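The block underneath contains the structure these notes are about, expressed in structure tokens.
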């Protein structure tokens, strides 16, 4: 049985449960895991533990629990997004971004997502990057590439619908 977006609900549930499994790791545990799996963290990831947990979680779930590439990617990119996300990646990214404990969780975003999942990605990226800019925080290139991709993707989609 498939859900609204024709993705297996069980797969979505499993990834949703696992996506933050590495969030509470200590710096020592992070170092052990990055050493064990030869995980290379980029400069922005090393400065932001919120980004590290996504990458490490993806490696752990793929290598320890045999997640598929798609499932691991959904975990790896749930904080930054990326260009050309799979449907599972989009669902996990948007569900994480709009969960009820988020300060910016609003029915406005959920309504956009229900109408057009790709436009929802653009709107969430705009909000998140705006907050990062306001706080003088670094923006990961994956987020910028995600925003740029979906702006152009949506433009092409809208032009073909006219």
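The values are calculated or read from the model by the stated rules, or taken from the named source; none is laboratory data. Quick caveat: nothing in here was measured; it's all calculated off a predicted structure. All Cβ positions, glycine included, derive from the backbone under ideal geometry; neighbour counts span all protein chains shown.
Residue-level check: of (1) surrounded by fewer than 12 Cβ atoms within 10 Å (Cβ to Cβ); (2) farther than 16 Å from residue 95 by Cβ, residue 10 misses just (2).
Against the criterion of being farther than 16 Å from residue 153 by Cα and at pLDDT 90 or above, residue 135 qualifies.
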